[in-house]
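Here's the structure we're looking at; comments come further down.
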Amino acid sequence: MDTTEMRRLFETHREAEAARDIDGILRTFVTDCFLETKALGLRSQGRDAVRAAYQQQYFTAFPDLTPEDEGITYGDDVIAVWGTLRGTSRGDWLGVPPGGGAFEVPFANVVPFRDGRMAGETIYFDLATLCAQAHIPLNAIRSAAADRHSRPNP
């Protein structure tokens, strides 16, 4: 894909995220997509798992979750985006109760493309800082993520 097509598809993806339109998000992905959150050591594979990750790991836990993209670079069928991730802990995250605090942390996403769609997303952020700012116990999140990681397709 050329950079214009990758950018247009990624912007469509971001718009769907902002609208909490999970079907719209999934339309930007290939069928066998993935969502990998490096800070948690979790990788969701396939549409059903990615849908569940968006619902349970992000939109329920942080209903106002908002990435502010500050930069983007392009490679062969891949983009990297970085910026600031903001949100408030309002719902259970991986089974850990909300802390109620707001957070603002740097993030980076790496997005490969295949067959005219996004193959998936790999997301990087500082888990310890997010947890401290959101008033969520870091060790509880790490434990919950390790438990989920030990199950098939978290």
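Being loosely packed, with under 13 Cβ neighbours inside 10 Å and not basic (K, R) is the filter here; which residues of segment 1-10 pass it?
D2, T3, T4, E5, listed by residue number.
Within segment 12-22, identify whether any single residue is in contact with a Lys or Arg (Cβ under 8 Å, 6 or more places away or on another chain), on the phi < 0 side of the Ramachandran plot and in contact (Cβ under 8 Å) with a residue 40 or more places away in the chain, and answer yes or no.
no
From (1) within 28 Å of M1 (Cα to Cα); (2) touching a Phe, Trp or Tyr at 6+ places or on another chain (Cβ under 9 Å), pick out the condition that doesn't hold for F62.
(1)
Among the residues of segment 71-95, which ones are farther than 25 Å from R117 by Cα, small (G, A, S) and open to solvent by less than 20 Å² (accessible area, probe 1.4 Å)?
Hits for segment 71-95 are G87, S89, G91.
Quick check on my filter: what residues within segment 104-153 are open to solvent by 70 Å² or more (accessible area, probe 1.4 Å), modelled with pLDDT under 95, of a type in the set (D, E, K, R) and assigned to a helix (DSSP H, G or I)?
D147, the sole residue that qualifies.
For segment 45-64, state whether one or more residues are at pLDDT below 95, in contact with a strand residue (DSSP E or B) (Cβ under 6 Å, 6 or more places away or on another chain) and under 23 Å from N139 (Cβ atoms).
yes
Confirm whether G100 is at positive phi, in contact with a Ser or Thr (Cβ under 8 Å, 6 or more places away or on another chain) and surrounded by fewer than 18 Cβ atoms within 10 Å (Cβ to Cβ).
Against the criterion (at positive phi, in contact with a Ser or Thr (Cβ under 8 Å, 6 or more places away or on another chain) and surrounded by fewer than 18 Cβ atoms within 10 Å (Cβ to Cβ)), G100 qualifies.
What's the number of the condition E68 fails, among (1) within 15 Å of the chain's Cα centre (by Cα); (2) closer than 25 Å to L26 by Cβ; (3) open to solvent by 70 Å² or more (accessible area, probe 1.4 Å); (4) touching a residue at least 24 places away in the same chain (Cβ under 8 Å)?
The failed condition is (4).
Does any residue of segment 30-43 turn out to be in contact with a helix residue (DSSP H, G or I) (Cβ under 7 Å, 6 or more places away or on another chain), at pLDDT 95 or above, more than 23 Å from I141 (Cα to Cα) and surrounded by 14 or more Cβ atoms within 10 Å (Cβ to Cβ)?
yes
The values are calculated or read from the model by the stated rules, or taken from the named source; none is laboratory data. Everything numeric here is computed off the predicted structure, so don't read it as measured data. Heads up, the Cβs are rebuilt from the backbone with ideal geometry, glycines too, and the neighbour counts pull from every protein chain shown. All accessible areas refer to the heavy atoms of the entire protein, side chains included, with ligands and DNA or RNA removed. Shrake-Rupley method; radii C 1.70, N 1.55, O 1.52, S 1.80 Å.
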